[in-house]
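Quick notes on the structure that follows.
The values are calculated or read from the model by the stated rules, or taken from the named source; none is laboratory data. Computed from a predicted model, the values in this text were never measured in an experiment. Neighbour counts run over all protein chains shown; Cβ positions are idealised from the backbone, glycine included. For the accessible areas, the whole protein counts, side chains as well, though only heavy atoms, and no ligand, DNA or RNA atoms are used. Shrake-Rupley method; radii C 1.70, N 1.55, O 1.52, S 1.80 Å.
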Amino acid sequence: MSESKSRPVALVTGGAQGIGRGISSALLQQGWQVMVADIDGEAGTECIHLFDSLGKVAFHPVDVSREDQVKELIKVTNEKLGPISLLVNNAGLANPYTGALEDLDLTTWQRYLDVNLTGVFLCCKYAAADLRATQGSIINLGSTRATQSEPDTEAYSASKGGVLSLTHSLAISLGPDVRVNAISPGWIEVGEWQKNSSRYQPFHSDEDHEQHPVGRMGKPDDVAGMVLWLASDLAGFVTGQNFILDGGMSRKMVYKED
Ligand code: NAD
């Protein structure tokens, strides 16, 4: 076995942009081989060039809601890198706002559930054999919106609620071989982590930062740090859990005076 083959393999869905790009980069820097899987080919190709010097990285295009494509992804990952030790289910339709309930059409509702929830199920199903064999782990991206809401976010919130339930269900079914946990981010700014053609310089007010007890908004690196810990032996006693990663935002009580 070559040296690169002996390094553990991580599969990061939606790994080409945003939080997923940050996770892929951090895993590579910690010696993982990484399969970046994403529906956006332009972003994926860009990542391969960007990450080339960091370690062994591959890209495969996939729509995680398509069973045939997920099956192929797992096969290609094995052929190119080896059996999967870490599956990060990060791909998702990340815009929570789908408009007023009365105008929310079934196609939109279904697409959020297909990508954000069914996609997680499919990736877990087809990576399970690898993960059992490697005694690996799964990390699912939930959201604080699974347990609290703004108006007009029904499809997104419901999909993320499903991800949290799926997480503890999988932890019981796949244990003791595979640990399964969820990270629920709050407000993570991803503008600078998009592909070149859609990257933007974010602007946020003092108020945006100050509503976080830590004094700032989140970054993809914050999520990546928790992924590294959950994937490591340091978290060997941790499974079936949901970790809220929001700078304390959801713990802050807000009173508005008239
Ligand atoms: P993003 O839009 O910046 O990145 C998402 C990536 O997933 C993109 O590269 C996109 O091409 C890919 N993708 C979308 N649909 C796909 C599909 N069907 N198959 C494969 N890839 C697909 O989003 P982000 O903000 O980085 O969010 C990443 C994850 O974190 C999502 O699951 C999101 O719901 C969750 N999350 C984000 C925040 C936040 O504030 N950014 C907060 C809570 C949860």
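Mind checking which residues of the stretch 242-258 are surrounded by fewer than 16 Cβ atoms within 10 Å (Cβ to Cβ) and assigned to a loop (DSSP other than H, G, I, E, B)? Within the stretch 242-258, G248, K252, M253, V254, Y255, K256, E257, D258 meet the criteria. When the stretch 85-140 is filtered for residues that are near the ligand (Cβ under 10 Å from one of its atoms), open to solvent by 80 Å² or more (accessible area, probe 1.4 Å) and polar (S, T, N, Q), only N95 remains. The single condition among (1) more than 9 Å from the ligand (Cβ to nearest atom); (2) free of Cβ contacts under 8 Å to residues at least 60 places away in the same chain; (3) not hydrophobic (A, V, I, L, M, F, W, C) that Q30 does not meet is (2). One residue alone among S173, S159, S232, S169 is of a type in the set (S, T, Y) and under 16 Å from the mean Cα position of the chain (by Cα), and that residue is S159.
Here is a yes/no grid of residues against (1) in contact with a strand residue (DSSP E or B) (Cβ under 6 Å, 6 or more places away or on another chain); (2) β-branched (V, I, T):
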| position | (1), (2) |
| --- | --- |
| T13 | yes, yes |
| A26 | no, no |
| M35 | yes, no |
| D40 | no, no |
| H49 | no, no |
| S53 | no, no |
| F59 | yes, no |
| D63 | no, no |
| R66 | no, no |
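Looking only at residues of the stretch 179-189 that are open to solvent by 20 Å² or more (accessible area, probe 1.4 Å) and out of contact with any Lys or Arg (no Cβ under 8 Å at 6 or more places or on another chain), we find that the one that is farthest from the ligand (Cβ to nearest atom) is R179. The residue that is nearest to G136 (Cα to Cα), among those in the stretch 197-227 that are open to solvent by 70 Å² or more (accessible area, probe 1.4 Å) and either charged (D, E, K, R) or in a helix (DSSP H, G or I) (or both), is D221.
Find all pairs meeting these conditions: Cβ atoms under 7 angstrom apart; at least six residues apart or on different chains; first residue within the stretch 205-216 and under 13 Å from D246 (Cα atoms); second residue part of a helix (DSSP H, G or I). Here the result reads Q211/M249; H212/M249; P213/R251; G215/H209; R216/H209, each pair linking the stretch 205-216 to a residue that is part of a helix (DSSP H, G or I).
Say whether the condition of being more than 17 Å from S85 (Cβ to Cβ) and in contact with an Asp or Glu (Cβ under 8 Å, 6 or more places away or on another chain) is met by at least one residue in the stretch 25-38.
To start, the set of residues in the stretch 25-38 that are more than 17 Å from S85 (Cβ to Cβ) comprises 25, 38.
Still in the running and in contact with an Asp or Glu (Cβ under 8 Å, 6 or more places away or on another chain): none.
Scanning the stretch 25-38, I find no residue that is more than 17 Å from S85 (Cβ to Cβ) and in contact with an Asp or Glu (Cβ under 8 Å, 6 or more places away or on another chain), so the answer is no.
All of I48, I39, I19 fail the test of being of a type outside the set (D, E), more than 17 Å from I138 (Cα to Cα), within 14 Å of the ligand (Cβ to nearest atom) and buried (at least 17 other Cβ atoms within 10 Å of the Cβ), apart from I39.
So is S143 under 23 Å from F243 (Cβ atoms), buried (at least 22 other Cβ atoms within 10 Å of the Cβ) and more than 10 Å from the ligand (Cβ to nearest atom) or not?
Against the criterion (under 23 Å from F243 (Cβ atoms), buried (at least 22 other Cβ atoms within 10 Å of the Cβ) and more than 10 Å from the ligand (Cβ to nearest atom)), S143 does not qualify.
Of the residues examined, L54 is one that is surrounded by 15 or more Cβ atoms within 10 Å (Cβ to Cβ), more than 9 Å from the ligand (Cβ to nearest atom) and of a type outside the set (K, R).
Restricted to the stretch 152-178, and to residues there that are farther than 23 Å from A10 by Cβ and free of Cβ contacts under 8 Å to residues at least 40 places away in the same chain, the residue that is most open to solvent (accessible area, probe 1.4 Å) is S165.
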